[in-house]
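Q: Can you keep this structure in mind? I'll have questions shortly.
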Amino acid sequence: MSTATNTGNRTKAFISLQSSVDFVVTSTTSQVMDRASAYLSAGFPVHLRGPAGTGKTTLALHIAAQFQRPVMLIVGDEQFTSSDLVGEQNGYRYRRVVDRYIHSVVKYEEDAVQQWVDNRLTTACREGFTLVYDEFTRSRPEANNVLLAVLEERLLVLPTSTGRNSYLKVHPEFRAIFTSNPQEYAGVHELPDALSDRLITIDLDYYDRETEVTITQSNSGLPLDEAARVVDLVREFRSSGEYDQAPTLRACIMIARVTALQGLLPSGGDPRFAQICLDILESKMDFSIKNRARRMNQRKMLLQLIEHHATRAMPEPTGL
């Protein structure tokens, strides 16, 4: 993935994407990609919704790369206003004319014109880029209202300094992919019906075991069977419910990558591997002096899971 910047006053920095050879395609990810690509090709925006750690952003960028158009990436923010998406009047362009037509008379004319500067949504609509709006429900609904006409009427309303609106016709190659966490997550706003009705939502959940093992192995360099030990450990911890933040595929990748980089193998008898698991997985539990007893019980459970899933079979003794 590389970035390119157009220095003209209309265009913000964008991403030039190619399909990543590191992206893991399994039957699960392939199915989601095919569905999303079909909807986007038909002109409909796609919304990938799911819990943290399910690979929404990576998947959105990979899907965007399939259309071989520059990608404009926006990350939702509570402080966003519509001008952060569309643009605003910013600065002035000054002009001065000196008239010396009559030698003894010098005439000056000066004026100042306020300049308009595009922001990312306007650039994507004008140039026909693929918009990836990550965690868009972290922006306030009123900031996202500008999307309604963009997605339905294919028009972008641009405010002007005179108080009137001007309109930009959206480029026919413009496509939009949105991602969001479930509404119960902290900092997530409720998605207005008017905007939700314009999106085709694909709900994502934690991947199946095969996909998680394949992705973990690809992102760590551990052998496949060793990556499976790590994934099974994290998946059982996730199933236990003994946490305050669900352990995700990211935890699998973190454990496996650090283990591989240190030249270790997942082994319950290796205190170094056990410590890696504890450092990464215990962070999913609430840290409080009042909960010390609960944390001790959770640590015992984690050590048992590590021992269970990372027990290595002893080699058969060789004959004399």
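Q: Please list, ordered by first then second residue, the pairs with beta carbon atoms under 7 Å, 6 or more apart or interchain, first in the range 28-40 and among the small types (Gly, Ala, Ser), second at pLDDT below 95 and not in a helix (DSSP H, G or I).
A: From residues that are among the small types (Gly, Ala, Ser), the pairs are Ser37/Gln66.
Q: Name the single residue, out of those in the range 299-320 being within 24 Å of Arg257 (Cα to Cα), at pLDDT below 90 and not β-branched (Val, Ile, Thr), that is surrounded by the most Cβ atoms within 10 Å (Cβ to Cβ).
A: Top of the filtered list is Ala310.
Q: Being closer than 18 Å to Arg238 by Cα, among the acidic types (Asp, Glu) and open to solvent by 20 Å² or more (accessible area, probe 1.4 Å): is that true of Asp279 here?
A: yes
Q: Could I ask something else about it? On the given criteria, is Val258 modelled with pLDDT of 95 or more and open to solvent by less than 40 Å² (accessible area, probe 1.4 Å)? Steps first, answer last, please.
A: Numbers: modelled with pLDDT of 95 or more: yes; open to solvent by less than 40 Å² (accessible area, probe 1.4 Å): no.
So Val258 fails the test.
Q: If you don't mind, there's one more thing I want to ask. Of the numbered conditions (1) more than 25 Å from the chain's Cα centre (by Cα); (2) without any contact (Cβ under 8 Å) to a residue 40 or more places away in the chain; (3) farther than 25 Å from Thr57 by Cβ, Asp232 fails exactly one; give the number of that condition.
A: (2)
Q: Only one residue in Ala194, Ala227 is assigned to a helix (DSSP H, G or I), open to solvent by less than 70 Å² (accessible area, probe 1.4 Å) and under 22 Å from Val86 (Cβ atoms). Which one? Break it down into steps so the answer makes sense when it comes.
A: Working: Ala227 fails: under 22 Å from Val86 (Cβ atoms).
After applying the criteria, what remains is Ala194.
Q: Give the range 57-69 a look and list any residue that's touching an Asp or Glu at 6+ places or on another chain (Cβ under 8 Å) and either open to solvent by less than 30 Å² (accessible area, probe 1.4 Å) or hydroxyl-bearing (Ser, Thr, Tyr) (or both), or say none.
A: Thr57, Ala60
Q: Quick check on my filter: what residues within the range 1-57 are farther than 21 Å from Val170 by Cβ, touching a Phe, Trp or Tyr at 6+ places or on another chain (Cβ under 9 Å), of a type outside the set (A, V, I, L, M, F, W, C) and modelled with pLDDT of 60 or more?
A: The answer is Thr26, Thr28, Thr29, Arg49, Gly50, Pro51, Gly53, Thr54, Gly55.
Q: For the range 239-255, how many residues meet the condition of being open to solvent by less than 30 Å² (accessible area, probe 1.4 Å), outside any loop (DSSP other than H, G, I, E, B) and out of contact with any Ser or Thr (no Cβ under 6 Å at 6 or more places or on another chain)?
A: 3
The values are calculated or read from the model by the stated rules, or taken from the named source; none is laboratory data. Quantities reported herein were computed from a predicted structural model and do not represent experimental measurements. FYI the Cβ positions are ideal-geometry reconstructions off the backbone, even for glycines, and counts take in every protein chain you see. In case anyone asks, the SASA skips ligands and DNA or RNA and just uses the protein heavy atoms, side chains included. Shrake-Rupley method; radii C 1.70, N 1.55, O 1.52, S 1.80 Å.
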